[in-house]
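Single-structure report; data block below.
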Amino acid sequence: MRSTVRSLATLLMSLALAASASAAAEAANDQLVIEQRSLQLPSGETVQYEIGTLYAPENRDDPKSRKIGVGFARIRAAHPTGAPPIFWLPGGPGLSVLGAFTDTDEASRGRLRAWLNFRPAGDLVVVEQRGYTRRGEMLVEMSDAVPLDQPGSVRADVLAMKVLARRAVANHPQADLSGYTVAAFAADVDDVRRALGYDKISLFGGSFGSQWSLAVMRFYPDSVARAVLSSVEPLNDGFDRPSHVFASLQRIAYDADRDPGLAPYLPEGGLMAAIGELKRRFAAGPVRVRVDDDKGRPVTVVLGAEDLQLALLSHTAEAERWPAFILSLYHGHYDDWARETAEDRRAAPVKLIGPLVDSSLAITAENAHLLRTDPALDLLGAWNFEANLASAPDWPTPDIGDAVRRPRVNPTPVVFVHGDWDTSTPVENTLGLLPYFPNGHAILVHRAGHDGAFYQLREDPAAKQAIYDFLRTGSTTNLPTELALSTPKFEVPAFPPPAR
């Protein structure tokens, strides 16, 4: 499950940057433009890097297609290593990352620090995504607001996605939106590889970055030396099975049920029993919650059974907060949930490359059957997939086909890093894909969520070093097969425990 919404203020700034980059593309005659730059770190060290733009056909199947910009950057190795360069592919879709060189927020600074750690292993090349890059266009469309006076529903979500698709096509007449497929994303990477003069590359990606990497390996297998993939999203598993997601929730609940701080709030049977009671409660009918919005104005939010399905996943990005949220609902404290829902139902900009890529990738008929007959569908609903599957004919990107989607045996050495608390790309994704990689190696991390490889391995410096060694030499000698993170300190509800 992937987020496609960004703040409007940031969006307007990005659009201005994109307009400038688009004008540069029209004037450019070359396929590649590279600028030499440097920046000074807080330590006083000066880092040299290159930032550039690949000008590629928007629709690679149309010889007359216009050119669009795709941003990339390169940080050269501290010393020659003889290793293939590491191509770092961001997630999302719609994660623009080149601001790490210029922005001063902590996320950007942290990303840059992480990139610099690759220098002992080899050159690092970061490639942004066509359709959402500061060096090209950032394709967005506004969604409609969702009414507050009626419960949310998957059916309404489907209709809204179909409206969004038609509006996106109408409002972007200059763009050929059929060109934003995962095959085109993979071709962009290969174009950058060839333009920079590399024979073989290593891939490093998490979440959609892992799916993108798998597409590169599918279409250009001879160019990939090895890969490190985390929070893995296979080409045929862009939509998560509810039972796999629910299994991740069960694993979080196991530790939460044993947390002393949460104990006074837990019903008999623990967190899963609380979820069962909430399901029964909302099956009887929706609730109306009156709260003040962010401007202090009173609003009434209607919350129903399908809103509850969506809410069960709303705080799992930070597992230490999720149990407190569920227990707050169990004890009838709906205000925070209602305020968040009111915010989520506002009109908002949507990054178009998300639904464009997803509708093109789609899934096999067998996987669609498994999704729609999943035993946990009654608990989590079809929020994660139905709108994308039902609206696929409304988006212009062509279906990529089962021959691309289905896994096939690939001899490329790959290290998979996956947490069993991941509710966005469940660990079953890696377990199902591993048999197709005879030279693959999986590191399963207990209590890790939907995070990058090095964050999941943050408590084991030796494992992190083994990943760098693998990227540099291809050796898997010191890689573990499973690790466990410390049990987190769970947040407790913001009200006193009820009397027993």
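Miscellaneous remarks
- Calculated FRET efficiency for the pair ASP344/ARG194, C-beta based, R₀ 30 Å, to 0.05: 0.10
- Each Lys and Arg Cβ is given +1 and each Asp and Glu Cβ -1; about its Cα centre, segment 265-333 then shows a dipole of about 260 debye.
- Shape of segment 364-459 from the C-alpha gyration tensor: oblate (a/c of 1.5 or more and a/b not above b/c, with a ≥ b ≥ c the square roots of its eigenvalues).
- Global form of segment 87-180, assessed from the alpha-carbon gyration tensor, a/c cut-off 1.5: prolate
- Contour minus Cα-Cα distance for THR373 and ARG113 (0.36 nm per residue): 89.1 nm
- Overall Cα dimensions of segment 147-224 - principal axes, largest extent first, Å: 58, 30, 17
- Take the Cα of ARG76, go 7 Å toward its beta carbon, and the backbone nitrogen atoms of segment 93-135 under 12 Å from that spot belong to 123-124.
- Close Lys pairs in the chain, defined as Cα atoms under 25 Å apart and 8 or more places apart or on different chains, number 4.
- Here the residues PHE219, PHE208, ranked from fewest to most Cβ neighbours within 10 Å of their Cβ, fall in the order PHE219, PHE208.
- Cα gyration tensor, segment 97-137 - rounded (a/c under 1.5), prolate or oblate: oblate
- Considering only alpha-carbon pairs that sit under 8 angstrom and 6 or more positions apart, the relative contact order computed for the chain is 19 percent.
- Taking Cα centre as origin and charging only the Cβ of basic (Lys, Arg, +1) and acidic (Asp, Glu, -1) residues, the dipole magnitude of the chain rounds to 500 debye.
- Rounded to the nearest 500, the helix-only mean residue ellipticity at 222 nm of the chain stands at -11000 deg cm²/dmol, with each DSSP H run of n ≥ 4 adding -39,500 (n - 2.57).
- Förster radius 25 Å - calculated FRET efficiency between GLN150 and ARG297, Cβ distance, rounded to 0.05: 0.85
- FRET efficiency for the pair SER65 and HIS333, taken as 1/(1 + (r/R0)^6) with r the Cβ-Cβ distance and R0 = 60 Å, rounds to 0.65.
- Estimated inter-spin distance, ASP222 and ASP394, nm [label 7 Å along Cα→Cβ]: 4.3
- The slack in the chain from ALA365 to ALA403, taken as 0.36 nm per residue of separation less the alpha-carbon distance, amounts to 12.4 nm.
- For a paramagnetic label modelled on THR487 (point 7 Å from Cα along Cα→Cβ), amide N atoms under 18 Å away belong, within segment 242-258, to 249-258.
- Alpha-carbon centroids, segment 404-424 and segment 326-381: separation in whole Å: 23
- Counting all C-alpha pairs of segment 409-500, share separated by more than 24 Å (%): 29
- Most to least packed among 346-352, 83-89 [average Cβ atoms within 10 Å]: 83-89, 346-352
Throughout, read-outs are computed from the coordinates displayed, never taken from laboratory work. Only a predicted model underlies this, so the values are computations on that prediction, with no experimental measurement involved. Ideal geometry is used to build each Cβ from the backbone, glycine not excepted, and the neighbour counts take in all protein chains shown.
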